[in-house]
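Only the coordinates and a few stated rules stand behind these numbers; no lab work does. Being a predicted model, the structure only gives us computed values, none of them experimental. Cβ placement follows ideal geometry from the backbone for every residue including glycine, while neighbour counts extend to all protein chains displayed.
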Amino acid sequence: MKNLLFNNTYKSGYVHSFVFKGSNEEFYTGVALEFDVVIQAKTSEKAEECLLDTIKNYLRNVIDNELSEELLNTPADKKYWEMYKKAITTESKFIELVLEDKKQITQSTKIPFNITRSDYVNGNFNFV
């Protein structure tokens with residue numbers, strides 16, 4: 001077996017995902033970075049729900065059918081990784097700003113994406 005980038009296996013691993021909407025886009029996009037899964041939906045809530053379902057089904061399919069573990073270690077396109085890194089930085093700065101100014105988070109001050117970090121054990125997710 002060749003060296004895998006993430007070392008996800010049938011028994012355990014992790015996935016980083018996020019949902020975002022570009023300024024000129026009509027739909028929200030959800031991406032699972034380690035599985036190269038990309039979905040779109042009309043609302044952020046629907047995108048999060050659809051992405052989670054797609055990730056679970058993808059993982060279950062690979063495990064139940066004993067497909068190659070390489071499928072659990074297939075990175076998404078580089079542009080999504082770059083977007084994810086920017087989102088993490090923006091999220092950190094936003095949290096610092098809110099804590100420093102003790103502002104109430106309102107709909108107008110929310111960041112335009114949702115980040116999920118989760119791990120799985122035997123196909124069951126634990127969200128961080």
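Some observations on this one:
- Cross-link table Lys21/Lys42; Lys11/Lys79; Lys56/Lys86; Lys11/Lys78; Lys42/Lys86, entries beyond 19 Å C-alpha to C-alpha: Lys11/Lys79; Lys56/Lys86; Lys11/Lys78; Lys42/Lys86
- Cut-off 14 Å between beta-carbons: net charge of the residues surrounding Tyr58, Lys and Arg +1, Asp and Glu -1: -4
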